[in-house]
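> Please see the structure below; I have some questions.
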Amino acid sequence: MKQFVISSETDAIREVEDRGDQVEIARFIKDEVKRELKKCLEEAQSYFHTVSGPKLALVIDGKCLMYALDPSLRVMLLNLSLNCHAVVCCRVSPLQKAQVTSMVKKGAKKITLSIGDGANDVSMIQAAHVGVGISGMEGMQAVMASDFAIAQFRYLEDLLLVHGRWSYLRICKVVIYFFYKNLTFTLTQFWFTFQTGFSGQRFYDDWFQSLYNVIFTALPVIIVGLFDK
(Lines give C-alpha, C1' and ligand atoms only; values in the text may rest on other atoms or scores of the structure.)
Protein backbone atom coordinates (compact mmCIF):
# COMPACT_ATOMS: atom_id res chain seq x y z
CA MET A 1 0.00 0.00 0.00
CA LYS A 2 1.28 3.44 -0.96
CA GLN A 3 1.16 5.85 1.99
CA PHE A 4 1.02 9.64 1.83
CA VAL A 5 2.30 11.02 5.13
CA ILE A 6 1.74 14.68 5.96
CA SER A 7 3.41 15.35 9.29
CA SER A 8 4.53 18.37 11.26
CA GLU A 9 7.49 16.38 12.65
CA THR A 10 9.92 17.36 9.89
CA ASP A 11 13.32 18.99 10.16
CA ALA A 12 12.21 22.07 8.22
CA ILE A 13 9.22 22.69 10.49
CA ARG A 14 11.30 22.08 13.64
CA GLU A 15 13.85 24.60 12.45
CA VAL A 16 11.17 27.26 11.99
CA GLU A 17 9.57 26.40 15.35
CA ASP A 18 12.92 26.90 17.11
CA ARG A 19 12.89 30.55 16.05
CA GLY A 20 9.73 31.14 18.08
CA ASP A 21 7.92 33.47 15.65
CA GLN A 22 4.31 32.20 15.73
CA VAL A 23 3.25 34.10 12.62
CA GLU A 24 6.15 32.68 10.63
CA ILE A 25 5.48 29.18 11.99
CA ALA A 26 1.81 29.29 10.97
CA ARG A 27 2.62 30.63 7.50
CA PHE A 28 5.39 28.10 6.93
CA ILE A 29 3.35 25.08 8.07
CA LYS A 30 0.40 26.14 5.92
CA ASP A 31 2.64 26.48 2.87
CA GLU A 32 4.20 23.08 3.58
CA VAL A 33 0.78 21.46 3.98
CA LYS A 34 -0.42 23.04 0.74
CA ARG A 35 2.66 21.83 -1.11
CA GLU A 36 2.33 18.30 0.28
CA LEU A 37 -1.38 18.12 -0.50
CA LYS A 38 -0.80 19.25 -4.07
CA LYS A 39 2.05 16.78 -4.58
CA CYS A 40 0.13 13.87 -3.04
CA LEU A 41 -3.02 14.68 -5.03
CA GLU A 42 -1.13 14.73 -8.33
CA GLU A 43 0.53 11.42 -7.49
CA ALA A 44 -2.77 9.87 -6.40
CA GLN A 45 -4.49 10.93 -9.61
CA SER A 46 -1.65 9.45 -11.66
CA TYR A 47 -2.14 6.12 -9.87
CA PHE A 48 -5.88 6.37 -10.41
CA HIS A 49 -5.50 6.21 -14.19
CA THR A 50 -3.38 3.05 -14.04
CA VAL A 51 -4.96 -0.40 -14.15
CA SER A 52 -2.79 -2.12 -11.54
CA GLY A 53 -1.98 0.81 -9.29
CA PRO A 54 -1.36 0.29 -5.56
CA LYS A 55 -3.90 1.01 -2.88
CA LEU A 56 -3.44 4.46 -1.39
CA ALA A 57 -3.56 5.67 2.20
CA LEU A 58 -3.31 9.15 3.68
CA VAL A 59 -1.81 9.79 7.13
CA ILE A 60 -2.00 13.31 8.56
CA ASP A 61 -1.45 14.59 12.09
CA GLY A 62 -3.53 17.10 14.01
CA LYS A 63 -1.27 20.12 13.51
CA CYS A 64 -1.19 19.73 9.73
CA LEU A 65 -4.89 18.88 9.67
CA MET A 66 -5.66 22.22 11.31
CA TYR A 67 -4.22 24.02 8.27
CA ALA A 68 -5.55 21.47 5.77
CA LEU A 69 -9.09 22.19 6.99
CA ASP A 70 -8.68 25.84 6.04
CA PRO A 71 -11.29 26.84 3.41
CA SER A 72 -8.53 27.46 0.86
CA LEU A 73 -7.15 23.90 1.25
CA ARG A 74 -10.25 21.94 2.23
CA VAL A 75 -11.24 21.03 -1.33
CA MET A 76 -7.74 19.71 -2.03
CA LEU A 77 -7.81 17.63 1.16
CA LEU A 78 -11.24 16.23 0.27
CA ASN A 79 -10.18 15.27 -3.26
CA LEU A 80 -7.05 13.57 -1.95
CA SER A 81 -9.05 11.70 0.69
CA LEU A 82 -11.57 10.46 -1.86
CA ASN A 83 -8.74 9.07 -4.00
CA CYS A 84 -7.38 7.04 -1.06
CA HIS A 85 -8.64 3.72 0.25
CA ALA A 86 -7.91 4.73 3.86
CA VAL A 87 -7.38 8.03 5.68
CA VAL A 88 -5.80 8.14 9.15
CA CYS A 89 -5.96 11.37 11.18
CA CYS A 90 -3.81 11.03 14.29
CA ARG A 91 -3.52 13.22 17.40
CA VAL A 92 -6.55 15.32 16.48
CA SER A 93 -8.92 17.32 18.67
CA PRO A 94 -12.65 16.57 19.08
CA LEU A 95 -13.46 19.63 16.96
CA GLN A 96 -11.22 18.40 14.14
CA LYS A 97 -12.96 15.02 14.20
CA ALA A 98 -16.31 16.74 13.69
CA GLN A 99 -14.88 19.01 10.98
CA VAL A 100 -13.52 16.05 8.99
CA THR A 101 -16.86 14.27 9.26
CA SER A 102 -18.76 17.38 8.14
CA MET A 103 -16.32 17.88 5.26
CA VAL A 104 -17.03 14.42 3.87
CA LYS A 105 -20.75 14.68 4.64
CA LYS A 106 -21.29 18.00 2.86
CA GLY A 107 -18.44 18.07 0.35
CA ALA A 108 -18.64 14.51 -0.96
CA LYS A 109 -22.41 14.10 -0.43
CA LYS A 110 -21.82 10.70 1.16
CA ILE A 111 -23.62 8.91 3.97
CA THR A 112 -21.28 9.07 6.96
CA LEU A 113 -21.06 6.87 10.06
CA SER A 114 -19.03 7.80 13.12
CA ILE A 115 -18.16 5.42 15.93
CA GLY A 116 -16.52 6.29 19.23
CA ASP A 117 -16.28 5.27 22.86
CA GLY A 118 -15.40 8.46 24.74
CA ALA A 119 -16.45 12.03 25.44
CA ASN A 120 -13.97 13.31 22.85
CA ASP A 121 -15.96 11.49 20.13
CA VAL A 122 -19.33 13.09 20.92
CA SER A 123 -19.03 15.97 18.44
CA MET A 124 -17.93 13.57 15.68
CA ILE A 125 -20.83 11.21 16.42
CA GLN A 126 -23.34 14.05 16.31
CA ALA A 127 -21.91 15.43 13.05
CA ALA A 128 -22.38 12.17 11.11
CA HIS A 129 -25.58 10.85 9.57
CA VAL A 130 -25.38 7.76 11.78
CA GLY A 131 -23.65 7.78 15.16
CA VAL A 132 -22.60 4.59 16.96
CA GLY A 133 -21.42 4.66 20.55
CA ILE A 134 -19.40 1.96 22.30
CA SER A 135 -20.05 1.48 25.99
CA GLY A 136 -16.73 0.92 27.70
CA MET A 137 -14.25 2.16 30.26
CA GLU A 138 -14.39 5.79 29.11
CA GLY A 139 -17.94 6.45 30.26
CA MET A 140 -21.35 6.66 28.64
CA GLN A 141 -21.10 10.07 26.94
CA ALA A 142 -20.65 8.57 23.47
CA VAL A 143 -23.52 6.14 24.00
CA MET A 144 -25.86 8.89 25.17
CA ALA A 145 -25.08 11.02 22.10
CA SER A 146 -25.30 8.20 19.54
CA ASP A 147 -28.11 6.75 17.46
CA PHE A 148 -27.08 3.16 18.21
CA ALA A 149 -25.07 1.67 21.06
CA ILE A 150 -22.97 -1.49 21.00
CA ALA A 151 -20.83 -3.17 23.64
CA GLN A 152 -17.78 -3.92 21.48
CA PHE A 153 -16.38 -2.71 18.18
CA ARG A 154 -16.70 -6.18 16.61
CA TYR A 155 -20.49 -5.91 16.81
CA LEU A 156 -20.45 -3.16 14.18
CA GLU A 157 -20.47 -5.73 11.37
CA ASP A 158 -23.67 -7.34 12.66
CA LEU A 159 -25.23 -3.93 13.25
CA LEU A 160 -24.67 -2.87 9.64
CA LEU A 161 -25.03 -6.08 7.65
CA VAL A 162 -27.64 -7.97 9.71
CA HIS A 163 -29.76 -5.64 11.80
CA GLY A 164 -29.40 -2.80 9.32
CA ARG A 165 -30.61 -5.03 6.49
CA TRP A 166 -33.55 -6.29 8.53
CA SER A 167 -34.51 -2.75 9.51
CA TYR A 168 -34.40 -1.70 5.86
CA LEU A 169 -36.73 -4.56 4.86
CA ARG A 170 -39.13 -3.81 7.72
CA ILE A 171 -39.38 -0.15 6.76
CA CYS A 172 -40.03 -1.13 3.12
CA LYS A 173 -42.86 -3.46 4.14
CA VAL A 174 -44.48 -0.86 6.38
CA VAL A 175 -44.25 1.92 3.80
CA ILE A 176 -45.70 -0.24 1.01
CA TYR A 177 -48.51 -1.46 3.27
CA PHE A 178 -49.48 2.03 4.38
CA PHE A 179 -49.49 3.24 0.77
CA TYR A 180 -51.75 0.31 -0.16
CA LYS A 181 -54.29 0.75 2.62
CA ASN A 182 -54.47 4.53 2.23
CA LEU A 183 -54.94 4.24 -1.53
CA THR A 184 -57.69 1.69 -0.93
CA PHE A 185 -59.38 4.01 1.53
CA THR A 186 -59.22 7.14 -0.64
CA LEU A 187 -59.85 5.66 -4.10
CA THR A 188 -63.14 4.11 -3.02
CA GLN A 189 -64.34 7.53 -1.93
CA PHE A 190 -63.03 9.04 -5.16
CA TRP A 191 -64.96 6.63 -7.38
CA PHE A 192 -68.04 6.95 -5.18
CA THR A 193 -68.24 10.65 -6.00
CA PHE A 194 -68.83 9.75 -9.66
CA GLN A 195 -71.72 7.48 -8.66
CA THR A 196 -73.34 10.24 -6.59
CA GLY A 197 -72.86 12.96 -9.18
CA PHE A 198 -70.42 14.91 -6.99
CA SER A 199 -73.19 15.59 -4.50
CA GLY A 200 -70.86 15.44 -1.49
CA GLN A 201 -72.45 12.32 -0.03
CA ARG A 202 -70.05 10.41 2.21
CA PHE A 203 -69.21 6.79 1.49
CA TYR A 204 -67.92 5.93 4.99
CA ASP A 205 -69.53 6.54 8.34
CA ASP A 206 -67.68 8.49 11.00
CA TRP A 207 -67.09 5.43 13.16
CA PHE A 208 -65.58 3.54 10.22
CA GLN A 209 -63.09 6.32 9.53
CA SER A 210 -62.10 6.40 13.20
CA LEU A 211 -61.57 2.64 13.43
CA TYR A 212 -59.97 2.10 10.01
CA ASN A 213 -56.37 2.53 11.18
CA VAL A 214 -56.96 1.37 14.75
CA ILE A 215 -58.78 -1.93 14.19
CA PHE A 216 -59.63 -2.78 10.59
CA THR A 217 -56.09 -2.53 9.17
CA ALA A 218 -54.04 -3.24 12.30
CA LEU A 219 -54.00 -7.05 12.04
CA PRO A 220 -51.37 -7.33 9.23
CA VAL A 221 -49.01 -5.03 11.14
CA ILE A 222 -49.46 -7.08 14.33
CA ILE A 223 -48.83 -10.36 12.48
CA VAL A 224 -45.65 -9.03 10.86
CA GLY A 225 -44.46 -7.76 14.24
CA LEU A 226 -45.12 -11.09 15.97
CA PHE A 227 -43.46 -13.32 13.39
CA ASP A 228 -40.61 -11.01 12.40
CA LYS A 229 -37.00 -11.92 13.19
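The values are calculated or read from the model by the stated rules, or taken from the named source; none is laboratory data. Quick caveat: nothing in here was measured; it's all calculated off a predicted structure. Glycine gets a Cβ as well: all are built from the backbone with ideal geometry, and neighbour counts include every protein chain shown.
> What are the residues in the stretch 71-98 that are in a loop (DSSP other than H, G, I, E, B) and in contact with a helix residue (DSSP H, G or I) (Cβ under 7 Å, 6 or more places away or on another chain), if any?
Across the stretch 71-98, the qualifying residues are 83, 84, 91, 92, 93.
> Then there is this: With respect to residue 158, is the statement that it is part of a helix (DSSP H, G or I) and under 27 Å from residue 76 (Cβ atoms) true?
no
> Of all residues in the stretch 193-224, which are closer than 30 Å to residue 163 by Cβ and either in contact (Cβ under 8 Å) with a residue 24 or more places away in the chain or surrounded by 10 or more Cβ atoms within 10 Å (Cβ to Cβ) (or both)?
If the condition is that a residue be closer than 30 Å to residue 163 by Cβ and either in contact (Cβ under 8 Å) with a residue 24 or more places away in the chain or surrounded by 10 or more Cβ atoms within 10 Å (Cβ to Cβ) (or both), then 213, 217, 218, 220, 221, 223, 224 are the ones that fit.
> Report, ordered by the first and then the second residue, all pairs with beta carbons closer than 8 Å, sequence separation of six or more or different chains, a first member in the stretch 18-40 that is farther than 15 Å from residue 66 by Cα, and a second member that is among the β-branched types (Val, Ile, Thr) and in a helix (DSSP H, G or I).
19/25; 24/16
> Something else: In the stretch 1-17, how many residues are surrounded by fewer than 12 Cβ atoms within 10 Å (Cβ to Cβ), without any contact (Cβ under 8 Å) to a residue 40 or more places away in the chain and acidic (Asp, Glu)?
So the count comes out to 2.
> Can you name every residue in the stretch 47-62 that is exposed (fewer than 15 other Cβ atoms within 10 Å of the Cβ) and under 24 Å from the mean Cα position of the chain (by Cα)?
The answer is 55, 62.
> Residues 36, 9, 32, 17: which one is in a helix (DSSP H, G or I), charged (D, E, K, R) and modelled with pLDDT under 90?
Sole residue among the options that is in a helix (DSSP H, G or I), charged (D, E, K, R) and modelled with pLDDT under 90: 17.
> Does residue 65 meet the test of being within 29 Å of residue 138 (Cα to Cα), surrounded by 17 or more Cβ atoms within 10 Å (Cβ to Cβ) and in the same structural domain as residue 46 (by TED's automatic domain parsing)?
The answer is yes for residue 65.
> OK, next. Spot the failing condition for residue 44; the list is (1) within 27 Å of the chain's Cα centre (by Cα); (2) assigned to a loop (DSSP other than H, G, I, E, B); (3) without any contact (Cβ under 8 Å) to a residue 60 or more places away in the chain, and only one is missed.
For residue 44, the failing item is (2).
> Taking residue 59 as the residue in question, decide whether it is closer than 24 Å to residue 9 by Cα, part of a loop (DSSP other than H, G, I, E, B) and at pLDDT 90 or above.
It is false that residue 59 is closer than 24 Å to residue 9 by Cα, part of a loop (DSSP other than H, G, I, E, B) and at pLDDT 90 or above.
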